[in-house]
Amino acid sequence: MTLTFRNVHVTYPGSDRLALRGVSAEIAAGQRVALVGRNGSGKSTLMLVANGILRPQQGELLLDGRSVRYDRRSLAELRRQVGVVFQNPDDQLFSASVYQDISLGPLNLGLSQAEARARVLQAAELCGLGELLERPTHALSGGEKVRVALAGVLAMSPRFLFADELINGLDPWMRRQVLHILERLSASGCAVILATHDWGLAREWADYAIWMDAGRVFRQGKPQTVLSGPECPD
Ligand SMILES: Nc1ncnc2c1ncn2[C@@H]1O[C@H](COP(=O)(O)OP(=O)(O)OP(=O)(O)O)[C@@H](O)[C@H]1O
Ligand SMILES: [Mg+2]
């Protein structure tokens, strides 16, 4: 399974500036992709394109080689396969309790209450949220919110997981646990795309790197090649 950005140009509604100016990249099953680049270079915007929240004005997004058409069916299929954990978890948590929040996605997929429950419990366990299921989502710490947002996406069993600076603000133990979760996901064939400013992590963790600059891909390829040289920040 592949997700392809082909010459994607995007402007935010109400803005007259292009946030992405011709991005082309292809992500394959099981890949571990580090998405790096300066503040404002377009990493979060690319994630919004990936699950159809933003639609390219020019260029296209392809799922398994088929162009996404932005009708209800096509978007539902895209969102079943592509999960995004947003940079700010408050953009993602809507429900009264942690349990309800994680169950939203599975219920939207049309699963029964019992199937959804099994998915929620599994995702919550994986993200270390077993004790917090009845907690109101507004009464969580920052790191706990991040993990609830991650669990909500995991419960949908995506084939592509985009995680926007997911590990920022996590304590070192939780950071290791979350990286371990991402490891397991990619081993099971899910592609994981992590936007990060941690270049050490990007080099160590990723098997592919995309370096964004001013709405374009500056370089992409093997992390050893892409993330080295005099242009690098470290
Ligand atoms: N809601 C919005 N409306 C208009 N322009 C936006 C909006 N969100 C982002 N932009 C602009 O789009 C461009 C890309 O921003 P984006 O958030 O994708 O960058 P980023 O690489 O994720 O940065 P950071 O590392 O700070 O998270 C920037 O020029 C930004 O100002
Ligand atoms: Mg961002």
Q: State the Cα centre-to-centre distance between segment 175-230 and segment 93-132 in whole Å.
A: 28 Å
Q.
Pick from ARG38, ARG72, ARG184 the residue whose mean-square fluctuation is largest in a GNM of the chain, springs joining Cα atoms under 10 Å.
A. ARG72
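Excluding ASP90 itself, what net charge comes from residues whose Cβ is under 15 Å from its Cβ, given Lys and Arg +1 and Asp and Glu -1?
Numbers: positive: LYS145, ARG147; negative: ASP91, ASP101, GLU144, ASP164, GLU165.
Value of the local net charge: -3.
Where does the chain land at 222 nm, in deg cm²/dmol rounded to the nearest 500, when only DSSP H runs of n ≥ 4 count, each adding -39500 (n - 2.57), divided by all residues?
Working: 8 runs with 83 residues, N = 234.
Value at 222 nm, helices only, nearest 500: -10500 deg cm²/dmol.
For segment 1-124, what relative contact order do you get, as a whole percent, if you take Cα pairs closer than 8 Å and at least 6 residues apart?
Working: 151 pairs, mean separation 27.8, N = 124.
Relative contact order comes out at 22 percent.
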Q. Measuring from a point 7 Å past the Cα of HIS9 along Cα-to-C-beta, which residues in segment 19-52 have an amide N at less than 16 Å?
A. 19-24
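Can you give me the relative contact order of the chain as a percent, contacts being Cα pairs under 8 Å and 6 or more apart?
Values: 455 pairs, mean separation 66.2, N = 234.
Here the relative contact order equals 28 percent.
Counting pairs of alpha carbon atoms under 8 Å apart in space and at least six apart in sequence, what relative contact order in percent does segment 156-234 give? Please list the in-between numbers first.
On the way: 72 pairs, mean separation 19.9, N = 79.
Dividing the mean separation by the residue count of segment 156-234 yields 25 percent.
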Q | Calculated FRET value between GLN58 and CYS232, using beta carbons and R₀ = 30 Å, to 0.05 | A | 0.45
Q: Quote the accessible area belonging to ILE27 in square angstrom, nearest 10, computed with a 1.4 Å probe and with ligands, DNA and RNA left uncounted.
A: 0 Å²
Q: Please build a GNM for the chain, connecting alpha carbons under 10 Å apart, and tell me which residue among VAL68, VAL36, VAL148 fluctuates the most.
A: VAL68
Q. Most mobile of LYS222, LYS145, LYS43 per a Gaussian network model of the chain (Cα springs, under 10 Å)?
A. LYS222
**Q.** Cα gyration tensor category, rounded, prolate or oblate, for segment 110-161 with a/c compared to 1.5
**A.** oblate
Q | Square roots of 5 times each gyration tensor eigenvalue, C-alpha, the chain, largest first, Å | A | 28, 21, 16
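The values are calculated or read from the model by the stated rules, or taken from the named source; none is laboratory data. Quick caveat: nothing in here was measured; it's all calculated off a predicted structure. Glycine also receives a Cβ, built like all others from the backbone with ideal geometry; neighbour counts cover every protein chain displayed. With ligands, DNA and RNA removed, areas are computed over all heavy atoms of the protein, side chains included. Shrake-Rupley method; radii C 1.70, N 1.55, O 1.52, S 1.80 Å.
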